[in-house]
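What follows is one structure encoded as structure tokens, with my remarks underneath.
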Amino acid sequence: MKKVVFRLKDFFTKKAEKQEFSYFVIGACTAGLSLLILYLLTDIAGLHYLVSAIVAAVFCSTINFMLNKTVTFHEKFGRRFVREYFGFGGVTLAGGVFQFISLFLLTSIFGLYYIISSVISIFIAGSFRFVGNKLFIFRK
């Protein structure tokens with residue numbers, strides 16, 4: 001628990017601000033790619049929007065991990081790659097649960113267009129993922 005509290009103190013430094021910006025830019029690019037894949041798989045290929053969203057999320061999360069590891073947190077691929085990738089996947093999955101529940105609720109219950117619902121869901125879940133990845137996966 002002390003480590004988590006200490007990490008929270010580090011969270012608000014200049015370095016963290018640069019990391020947040022980089023994480024946001026990479027996240028925005030992969031979110032855009034995710035939305036494109038979502039649209040193509042749903043409207044062109046005819047898949048259900050939730051299935052399309054899962055495919056897009058898995059593909060884009062892998063790209064997001066690799067870019068954030070090397071660009072945002074300046075880490076090289078090494079012995080810890082598999083452990084970090086699955087840890088990142090765990091944080092992504094935790095955020096993804098919220099993302100897909102909110103996508104479903106906003107689209108199927110509240111009647112928003114699935115792309116708009118997805119943008120809202122990605123933004124909120126992305127904030128959660130940054131904190132989780134900063135505190136538990138990329139500890140720089």
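The values are calculated or read from the model by the stated rules, or taken from the named source; none is laboratory data. Quick caveat: nothing in here was measured; it's all calculated off a predicted structure. All Cβ positions, glycine included, derive from the backbone under ideal geometry; neighbour counts span all protein chains shown.
Observations
- Annotation: Lys76 fulfils all but one of (1) among the basic types (Lys, Arg); (2) in a helix (DSSP H, G or I); (3) over 12 Å from the mean Cα position of the chain (by Cα); the unmet one is (2).
- Restricting the first member to the stretch 37-50 and to residues that are more than 18 Å from Ser108 (Cβ to Cβ), and the second to residues that are of a type in the set (A, V, I, L, M, F, W, C) and part of a helix (DSSP H, G or I), the beta-carbon pairs closer than 6 Å and six or more apart or on different chains are Ile37/Ala56.
- Scanning the stretch 87-105 for any residue that is over 22 Å from Ala28 (Cα atoms), surrounded by 13 or more Cβ atoms within 10 Å (Cβ to Cβ) and modelled with pLDDT under 85 turns up nothing.
- Only one entry of Gly90, Gly126, Gly132 meets the criterion of being out of contact with any strand residue (DSSP E or B) (no Cβ under 7 Å at 6 or more places or on another chain), part of a helix (DSSP H, G or I) and within 17 Å of Gly32 (Cα to Cα), and that entry is Gly126.
- Across the stretch 60-86, the qualifying residues are those that are basic (Lys, Arg) and free of Cβ contacts under 8 Å to residues at least 24 places away in the same chain, and the one among them that is farthest from Cys29 (Cα to Cα) is Arg79.
- Of the residues contained in the stretch 48-57, none is found to be modelled with pLDDT under 95, under 13 Å from Lys134 (Cβ atoms) and either out of contact with any strand residue (DSSP E or B) (no Cβ under 9 Å at 6 or more places or on another chain) or surrounded by 15 or more Cβ atoms within 10 Å (Cβ to Cβ) (or both).
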